[in-house]
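What follows is a set of notes on a single structure, which appears directly below.
Every read-out reported here was derived from the displayed coordinates using simple, explicitly stated rules and does not represent laboratory data. If you're wondering where the values come from, they're calculated on a predicted model, not measured in any experiment. Using ideal geometry, Cβ is built from the backbone for each residue, glycine included, and neighbour counts are taken over all protein chains shown.
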């Protein structure tokens with residue numbers, strides 16, 4: 001059970017709001033209000049309803065959502081159990097309120113969720129040239145493993161340059 005009262009598991013009815021949030025945090029003009037923008041690295045959107053519906057149909061996956069007092073979703077994080085570890089992705093906070101501690105709270109809830117499911121570590125991938133993001137995760141105890149992956153090609157994410165991903169992990 002997640003101890004933060006603002007954080008809960010998202011439902012399929014939340015998908016449209018989650019897609020809007022994730023895209024605003026990573027792509028387009030709205031994303032440039034925050035520090036997590038990838039707008040200069042990609043053409044198009046970060047995610048769409050079909051892709052999010054597909055990844056959340058995995059029985060081992062959840063999306064944690066952070067709601068404000070008006071029940072609006074202002075943050076989220078994707079988690080997928082993979083054997084004894086948890087994969088973390090799509091950590092997103094509304095660009096208007098980034099750097100307010102919501103990302104840290106979502107990360108703490110993700111770690112709590114992983115621990116409750118007997119996972120001994122959390123892994124993620126981060127674009128190597130996003131040094132500020134890599135450093136943010138490092139300050140929270142995540143370490144690069146030394147493994148570097150090529151950025152995957154899919155029908156939504158279209159990088160406008162060659163990108164690589166650091167694999168990062170944290171013991172929980």
Determine the distance separating the Cα centre of segment 38-112 from the Cα centre of segment 150-168; give it in Å without decimals. 18
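Quick one: what do you get for segment 21-102 if you divide its Cα Rg by 2.2 N^0.38 Å? Display every interim value, and only then the final one.
On the way: Rg = 13.3 Å, N = 82, 2.2 N^0.38 = 11.7 Å.
Normalised Cα radius of gyration, segment 21-102: 1.14.
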P(r) for the chain: what percent of alpha-carbon pairs falls in each 10 Å bin, starting at zero? 10, 39, 42, 9, 0
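Counting other beta carbons within 10 Å of each Cβ, put 3, 123 in order, fewest first. Kindly include the intermediate steps, with their values, before the conclusion.
Details: 3 8, 123 19.
Going from sparsest to densest Cβ surroundings: 3, 123.
Arranged by the count of other C-beta atoms within 10 angstrom, fewest first, what order do 11, 104 take? Before the final figure, lay out each step's value.
Values: 11 11, 104 14.
Sorted ascending by nearby Cβ count, the order is 11, 104.
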How are the Cα pair distances of segment 1-42 distributed, in percent, across 5 Å bins from 0? 5, 22, 19, 16, 18, 13, 6, 1
